[in-house]
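K.L.:
Next up is a structure, given as structure tokens.
The values are calculated or read from the model by the stated rules, or taken from the named source; none is laboratory data. Owing to the predicted nature of the structure, the values given are computational and were not obtained by experimental measurement. Quick reminder, even Gly has a Cβ in these numbers, built from the backbone with ideal geometry, and neighbours come from all protein chains shown.
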Amino acid sequence: MKPWGKLCAVLLVAGLWGCAVSAQAPAPDAAQASSATATYIVTLKPEHTDVAAQARRLVAAAAGAQLGHVYQSALRGFSVQMSAQAAERMRQDAAVLSIEADAPVRIQPAPR
């Protein structure tokens, strides 16, 4: 087997293992869900040019939030780990264009 073939096989097995493990995880109860955090992608309105400063300001105002990456090329925004309640409060800020839960994105092949 060629080296890249071994790598593909390892990644495939790891991906299948991750699917099996996540499928077995129990659903959180209501109390856990209300305090659970998730990662969100926050996009700022175009007029806000100092993305890093806005990110720090918004995250500091959200109790328990943790700043991830700051994006300045493909979009003006940042990733943040916070509760759903903090995301709803942040969504009301005048600098925020949108907030979406971070999730994997797949590109589908064009239909034939």
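K.L.:
Tell me, which residue of the stretch 100-112 that is free of Cβ contacts under 8 Å to residues at least 24 places away in the same chain and of a type in the set (A, V, I, L, M) is surrounded by the most Cβ atoms within 10 Å (Cβ to Cβ)?
P.N.:
Among them, the one singled out is ALA103.
K.L.:
Scan the stretch 37-48 and give yes if some residue there is loosely packed, with under 12 Cβ neighbours inside 10 Å, in contact (Cβ under 8 Å) with a residue 12 or more places away in the chain and part of a loop (DSSP other than H, G, I, E, B), otherwise no. Can you show your working first?
P.N.:
Step one: of the stretch 37-48, the residues loosely packed, with under 12 Cβ neighbours inside 10 Å are 46-47.
Going one step further and asking which of them are in contact (Cβ under 8 Å) with a residue 12 or more places away in the chain, we end up with 46.
Applying the additional criterion that residues be part of a loop (DSSP other than H, G, I, E, B) yields 46.
Yes, there is a match, as at least one residue in the stretch 37-48 is loosely packed, with under 12 Cβ neighbours inside 10 Å, in contact (Cβ under 8 Å) with a residue 12 or more places away in the chain and part of a loop (DSSP other than H, G, I, E, B).
K.L.:
While we're looking at this one, here's another question. Residue by residue through the stretch 65-99, note down the ones that are touching a residue at least 12 places away in the same chain (Cβ under 8 Å), more than 12 Å from LEU44 (Cα to Cα) and part of a strand (DSSP E or B).
P.N.:
GLN66, LEU67, GLY68, VAL80, GLN81, MET82, SER83
K.L.:
For the stretch 49-64, give me each residue that is aliphatic (A, V, I, L, M) and either at pLDDT 95 or above or surrounded by fewer than 14 Cβ atoms within 10 Å (Cβ to Cβ) (or both).
P.N.:
Hits for the stretch 49-64 are VAL51, ALA52, ALA53, ALA55, LEU58, VAL59, ALA60, ALA61, ALA63.
K.L.:
For the stretch 52-64, which positions are outside any helix (DSSP H, G or I) and of a type in the set (A, V, I, L, M, F, W, C)?
P.N.:
ALA62, ALA63
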